[in-house]
Amino acid sequence: MNTREKLISELIRIVGANACLTAEADTESYTTDYRKLYRGNAMAVVLPATTDEVSRVMGFCHNHSIQVVPQGGNTSLMGGAVPEADPAADCIVLNLRRMSKVVAIDTVNDTMTLEAGVTLSSARAAAEQADRLFPLRIGSEGSCQIGGNMATNAGGTAVLRYGNMRDLVLGIEAVLPDGRIYSSLKGLRKDNTGYDLKNLFVGSEGTLGIITSAVLKLMPKPQSVAVAFVAVESPAAAVELLGLAKRMAGPLVTAFELVSADAMDLVCAYLGGITPPLAGRPAWMILLELTSTGSQDVLDNTMMEVLEAGMDKALAHDAAVASNLSNVQAFWRIREEISDAQTRTGGSIKCDVSVPLSSIPQFLEKAMASVKSLAPDSRMVIYGHMGDGNVHFNPLRPADQDAKSYLNDHYTSVSKAVDDLVHSLNGSISAEHGIGVAKRDDLTQYKTSVELELMWQVKRALDPKNLLNPKKLLPALNG
């Protein structure tokens, strides 16, 4: 038995033979990312069922200098959840899908305690059964896992009202790189006893520890929903409409999503040639959602008042209002399938960026001008969570150009032009998708040396051997 076989044998002893996958046919889906852009190598995929098993696996890997890539639903768009392409490296993927229990729901404290392998859709369903809402909403909710949502500080379509994942986490349990367990599952909204350690792990992309459980906030379950697609005159008008909606409807404004004409064309074709909700192919559209614990009639009236005020001020010129729940779901399906539509089409330059809301119009104007000068025939697939300043600015190849040649010709120049513009506007080159591998080296251009060194100091303190998700998130430092 060679050295690697001995290592695998010990891992099998910890988790069992059925939970330690080594055959390529069994491991391929874990070592290839969602977009099929990143493929790596692992000597095994390990599937622990308990925090104790995670702890024992991590302690063993630490003692034997085995790299560990934590993984949830493997829905990362940045290559952050698959191993490096290095057959010689001693590396495992540690996937938490077997840790899928909803442990407890406290409807008095409005909290939910659950394991990290619970899918987002299962977490939302469990809250629903308890007559509560877990408000995180992202397109991959059927496959992404809560641990991954925390590790990447997931955002989504309801951040405007409820905040991102970091805002929804009250406590976590995490296994450190050496196998020690950090546990703080108290469910407290006030705990002023020192550093907020849980926030080290939220957004760390699995580089500091493996989140195994969490206590999450629950919200009152909305009893009514009103949704409309609105044709706006311009991005500047959209920003003004958002301000109007917030003044008139306050916290009832749950989502405010931007959709460009090219994005609407793409998704309607992808969904089988469905008819767009608004006639005349408006250049810019907003998907506006209001939700309330009150009556549907009152909410519908509020929506109509907002739309009428927007039209009176010439901010909007058309609207399609969902008349029933089926329409609501159909409208949201259009919005949520844009990402998959461009992934399946291929040849998309994904720029997941955020700028201050007041800078959105300037950003869009200058970014589109840059793309037109660099790649004139690109389709402007632009959409996203405009209400919180997050825009998915994703130029797409012309229909008559293949994906590979378009990306080879334009990916680097377009990405740099967009990111430089975002940086000049005090924005972020990654609003919600994270850094992973795809954006890792770009951080040296947009983070200060102090920021990067502090991040590395935290990494070295918790993972001195650099075994946990190596070569992700953190760029190499000179010297």
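The values are calculated or read from the model by the stated rules, or taken from the named source; none is laboratory data. Quick caveat, the model's predicted, so the values are computed rather than measured. Ideal geometry is used to build each Cβ from the backbone, glycine not excepted, and the neighbour counts take in all protein chains shown.
Considering each of GLU257, GLU289, GLU308 in turn, give the residue that is charged (D, E, K, R) and touching a Lys or Arg at 6+ places or on another chain (Cβ under 6 Å).
The unique qualifying residue is GLU257.
Being closer than 17 Å to GLU337 by Cβ and either in contact (Cβ under 8 Å) with a residue 60 or more places away in the chain or outside any loop (DSSP other than H, G, I, E, B) (or both) is the filter here, so list the residues in the stretch 127-159 that pass it.
ARG137, GLY139, SER140, SER143, CYS144, GLY156, THR157
So is TYR406 of a type in the set (Phe, Trp, Tyr), over 19 Å from the mean Cα position of the chain (by Cα), over 26 Å from ASP86 (Cα atoms) and in a helix (DSSP H, G or I) or not?
Against the criterion (of a type in the set (Phe, Trp, Tyr), over 19 Å from the mean Cα position of the chain (by Cα), over 26 Å from ASP86 (Cα atoms) and in a helix (DSSP H, G or I)), TYR406 qualifies.
Being in a helix (DSSP H, G or I) and either more than 18 Å from VAL328 (Cα to Cα) or under 27 Å from the mean Cα position of the chain (by Cα) (or both) is the requirement here; does GLY273 meet it?
Numbers: in a helix (DSSP H, G or I): no; either more than 18 Å from VAL328 (Cα to Cα) or under 27 Å from the mean Cα position of the chain (by Cα) (or both): yes.
In short, no.
So, SER29, is that one assigned by TED's automatic domain parsing to the domain that holds ILE138 and not in a loop (DSSP other than H, G, I, E, B) or not?
Answer is no for this residue.
Which of the residues that make up the stretch 304-350 are in contact (Cβ under 8 Å) with a residue 40 or more places away in the chain and charged (D, E, K, R)?
GLU305, LYS313, ASP318, ARG333, ARG335, GLU336, GLU337, ASP340, ARG344, LYS350
From the set of residues in the stretch 311-367 that are surrounded by fewer than 20 Cβ atoms within 10 Å (Cβ to Cβ) and of a type in the set (Val, Ile, Thr), which is nearest to ALA158 (Cα to Cα)?
VAL328
Would it be correct to say that GLU24 is of a type in the set (D, E, K, R), at pLDDT 95 or above and not assigned by TED's automatic domain parsing to the domain that holds GLY155?
Working: of a type in the set (D, E, K, R): yes; at pLDDT 95 or above: no; not assigned by TED's automatic domain parsing to the domain that holds GLY155: yes.
Judged against the criteria, GLU24 is not a match.
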